[in-house]
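Student: Quick one: the structure is below, and I'll ask about it shortly.
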Amino acid sequence: MAKNEVLGLLVMAYGTPRSAEEILPYYTHIRRGRPPSQEQLDDLTRRYQAIGGVSPLAAITERQAYGLAEILNVDGGRKVRPYIGLKHTSPFIEDAVKAMNHDGIEEAVGIVLAPHYSTMSIGSYQKTALTASASLGGPKLWLIDSWHMHPLFLQVLANRVAEGLQKFSSNAEVTTIFSAHSLPEKILQIGDPYPDQLKESGEAVARMLQLKHYTFAWQSAGQTGEPWLGPDILDKLRELAKAGCRNVLSCSQGFVADHLEVLYDIDIEAKQLAAQLGIRLERTHQMNDDREFLKALAAVVRERENKGDETA
Ligand SMILES: CC1=C(CCC(=O)O)c2cc3nc(cc4[nH]c(cc5[nH]c(cc1n2)c(C)c5CCC(=O)O)c(CCC(=O)O)c4C)C(CCC(=O)O)=C3C
Ligand SMILES: [Fe+2]
């Protein structure tokens, strides 16, 4: 192993349009090359406009990647060089792998900025990265499958929920909803670990904080005609309202940044419904580039580096 050589740090994330003009190519890429209808495009454009025109995600991803590298470069371990690889816009994952190869990086750890594994999410980022490195002849990639149960991450997540609960008066009965991006129900047939992982990390936080009232829901399902995992968070709010619940803390634990699914789907759409239902809805702060969060990711990266080829 070339211990003295710089370790590549491939930080993969979803990507977001950086301007209104980029929405069409971005959406077309998400749809695997099929352009959206005018109606779908208008609807997505309207949602970006509602959160200020563009998503803050691009800037947050950069701060997360460079902040993570900064922490790793002073921890006494092998020096790292960060490369950002995005799923649906440039710099694409393939671009990042190409740049590492060009820079002579021989070994790299790859992490996706999403905690839970699904074949449709993390699995597809990994496939793209592995295919690119195989076709270029390097670098060797040590990929991280999921990090939702890392104790340092769970601690940060629990802190966020505890902070969120403090927004309510101490005698209020608050139900915490843990949620993640929905996926097509067909993932269940292949035994995808995603739904179980969401439960696992949510339950862990509930135990740490001894939460009395908490539940799980899915959010941001696509409109593709096929069934998606449910219950949807909006239906969950309706159900909770019927049961007399008046205070809800939303924790979008499947996401690590402020972006459309949080700033629109929760802050605008879910809040509006909650208001109609007589529910006070608050949400936890996202991880963004919070130092404690990046330190948790740094631990995850070092642990994967130490395993090296063992599990590759
Ligand atoms: C699992 C998962 C994550 C979490 C894990 C991860 O982070 O990887 C995630 C994150 C994100 N998804 C995002 C944006 C979008 N996802 C879409 C559509 C879709 N997502 C899917 C899955 C996921 N997505 C799927 C199966 C589709 C349907 C595709 C199809 O049609 O076959 C669409 C299309 C229109 C719509 O449905 O709204 C948009 C605009 C943004 C960026 C937001 C911003 O810009 O701030 C982020 C972080
Ligand atoms: Fe998405």
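The values are calculated or read from the model by the stated rules, or taken from the named source; none is laboratory data. Please read all numbers here as calculations on a predicted model, not as lab measurements. For neighbour counting, all protein chains shown are included, and Cβ atoms are generated from backbone atoms with ideal geometry for every residue, glycine included.
Student: Would you mention how many residues in region 296-310 are in contact (Cβ under 8 Å) with a residue 60 or more places away in the chain and more than 22 Å from the chain's Cα centre (by Cα)?
Tutor: Result for region 296-310: 3.
Student: Something else: So, in region 217-272, of the ones that are hydroxyl-bearing (Ser, Thr, Tyr) and at pLDDT 95 or above, which residue ends up surrounded by the most Cβ atoms within 10 Å (Cβ to Cβ)?
Tutor: Ser250
Student: Oh, and also: Which numbered condition trips up Leu130, out of (1) over 22 Å from Ala296 (Cβ atoms); (2) within 16 Å of ligand 1 (Cβ to nearest atom); (3) in a helix (DSSP H, G or I)?
Tutor: Looking at each condition in turn, Leu130 falls short on (2).
Student: Looking for whichever is of a type in the set (D, E, K, R), modelled with pLDDT of 95 or more and over 24 Å from Phe92 (Cα atoms) here; the options are Glu70, Glu62, Glu21, Glu39. Which one fits?
Tutor: None of the others qualify; the one that does is Glu39.
Student: May I pose another question? Give the residues of region 33-79 that are among the hydrophobic types (A, V, I, L, M, F, W, C) and closer than 13 Å to Leu294 by Cβ, sorted by residue number.
Tutor: Those that are among the hydrophobic types (A, V, I, L, M, F, W, C) and closer than 13 Å to Leu294 by Cβ: Ile60, Ala65, Leu68, Ala69, Ile71, Leu72, Val74.
Student: Are any residues in region 53-69 out of contact with any Pro (no Cβ under 8 Å at 6 or more places or on another chain) and in contact (Cβ under 8 Å) with a residue 60 or more places away in the chain, and if so, which ones?
Tutor: Pro56, Leu57, Ile60, Thr61, Arg63, Gln64, Gly67
Student: If I go through region 200-257 residue by residue, how many of them are touching a Lys or Arg at 6+ places or on another chain (Cβ under 8 Å), more than 15 Å from ligand 1 (Cβ to nearest atom) and over 15 Å from Ser179 (Cβ atoms)?
Tutor: Residues in region 200-257 being touching a Lys or Arg at 6+ places or on another chain (Cβ under 8 Å), more than 15 Å from ligand 1 (Cβ to nearest atom) and over 15 Å from Ser179 (Cβ atoms): 2 in total.
Student: Taking the criterion of being modelled with pLDDT of 95 or more, of a type outside the set (S, T, N, Q) and closer than 30 Å to Ser19 by Cα, would at least one residue in region 187-194 satisfy it?
Tutor: No, region 187-194 has no match at all.
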